[in-house]
1. So which residues in the range 208-231 are hydrophobic (A, V, I, L, M, F, W, C) and either at pLDDT below 95 or not in a helix (DSSP H, G or I) (or both), if there are any at all?
2. With respect to residue 45, is the statement that it is in contact (Cβ under 8 Å) with a residue 60 or more places away in the chain, in contact with a helix residue (DSSP H, G or I) (Cβ under 7 Å, 6 or more places away or on another chain) and of a type in the set (Ser, Thr, Tyr) true?
3. Could you look through the range 160-196, keep only residues that are more than 22 Å from residue 62 (Cβ to Cβ) and aromatic (Phe, Trp, Tyr), and pick out the one that is modelled with the lowest pLDDT?
4. Are any of the residues in the range 135-144 of a type in the set (Lys, Arg), assigned by TED's automatic domain parsing to the domain that holds residue 216, without any contact (Cβ under 8 Å) to a residue 60 or more places away in the chain and over 22 Å from residue 227 (Cβ atoms)?
5. Is it true that residue 97 is over 20 Å from the mean Cα position of the chain (by Cα), free of Cβ contacts under 8 Å to residues at least 24 places away in the same chain, closer than 21 Å to residue 40 by Cβ and in the same structural domain as residue 212 (by TED's automatic domain parsing)?
6. Can you tell me which residues in the range 249-288 are modelled with pLDDT of 90 or more and assigned to a helix (DSSP H, G or I)?
7. For the range 123-133, check the following and say yes or no: at least one residue is touching a strand residue (DSSP E or B) at 6+ places or on another chain (Cβ under 9 Å) and surrounded by fewer than 24 Cβ atoms within 10 Å (Cβ to Cβ).
8. Can you list residue pairs whose Cβ atoms sit under 9 Å apart, with the first residue in the range 270-298 being in the same structural domain as residue 77 (by TED's automatic domain parsing) and the second being part of a loop (DSSP other than H, G, I, E, B) and not aromatic (Phe, Trp, Tyr)? Count only pairs 6 or more apart in sequence or on different chains.
Amino acid sequence: MARAARPRSASPRRTRPARKAWSRLGDDELLKLRFCDLGLTVRGSPIARGVRRLYSELQARGIRCQPHVWLAEEWFTPDGVPGIAVPFYLAHPRLRRLEQHLMTQAEGGNSRWFMRILRHEAGHAIDNAYRLRRRKCWREVFGPASRRYPLRYTARPASRRYVHHLEDWYAQAHPTEDFAETFAVWLTPRSAWRTRYADWPAMRKLLLVDQLMAEVRGRAPPVRNRTRIEPIETNRQTLGEHYRRKLARYGQYRRSTIDVLLQWLFSAERPRRDALRVSTLLRANRSALIEAVSRELGLTRYSVREIMRAVIDRSVALQLYIRGDRRDAVHVARWMLERLASLYSQGETPHMPL
């Protein structure tokens, strides 16, 4: 699903978005358009200025890696990729207004908010570029990156073991988020982190980031692939389809159990001699389904993987078989996994990864 790309290492100075014929459309007409027909690019968009600013901040610190940036449906940094996906609506004021109208807010919709998220994502990208999480000192201070990603976490607002950067005490969600948040605080100009966190246990993490960045200063990153996951220009769904799913994700869900969904969608009796077991189908398509659902819902693979594990376990216990052909069953399984991931992502502090 990934497509190789070679975006420019720096964007031109022009940041005023080009006039688009669709910018005068009402919401109903705009929602009928496909992503791939919008003609959006980072170059020449309001995003470009922030990207240049990020590159300048990294350069001032002696970091040679410049994460490539592309437009997607949501914010994310793929594992192993030194690049950042930025939501499409930030590329044009008309789309930002649509997002604001439908979702009540446009995440990253002002320059300060945008840079806070961009620096956080840059932390993930730099981690990927220099393979920092593989280092023993990284694991000792932040914890193992392989730690199971929780579907939800209960934040401890009074804790001084974590920096404060994004909302919801985001550093507490997972070791990789802890690193990205710590990196963002370290990178932010005039953050005065040495003074602000002087008496906090979190200072140990900031000092490690400072040490790691000193070690990679001036070095070309070993990971330099330009992979772009789910870029807008190849996305053939309409804006309406996107927002229907997004609104449903944030809406209220019936608390159906895994068993109820499984028994509704699949058969407890073998419909024909060569019918495939649900558990076999899920195991064979595990990676693809986890990747698709995590991208679709904006959740991490860690959280979706845990839901998949529970679904496979229950399908084995219930001894279920697929109905129809294998291709249709894969679509049904994806639909089910999306519903369960949407349901279980609701909680005290739901993890919506950046």
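The values are calculated or read from the model by the stated rules, or taken from the named source; none is laboratory data. What you see is a predicted model; the values in this text were computed from it and never measured. All Cβ positions, even for glycine, are placed from backbone atoms using ideal geometry, and neighbour counts span all protein chains on display.
1. 220, 223, 229
2. no
3. For the range 160-196, the residue satisfying everything is 169.
4. Yes; the residues of the range 135-144 include at least one that is of a type in the set (Lys, Arg), assigned by TED's automatic domain parsing to the domain that holds residue 216, without any contact (Cβ under 8 Å) to a residue 60 or more places away in the chain and over 22 Å from residue 227 (Cβ atoms).
5. Yes.
6. 278, 279, 280, 281, 282, 283, 284, 286, 287, 288
7. Yes, there is a match, as at least one residue in the range 123-133 is touching a strand residue (DSSP E or B) at 6+ places or on another chain (Cβ under 9 Å) and surrounded by fewer than 24 Cβ atoms within 10 Å (Cβ to Cβ).
8. none
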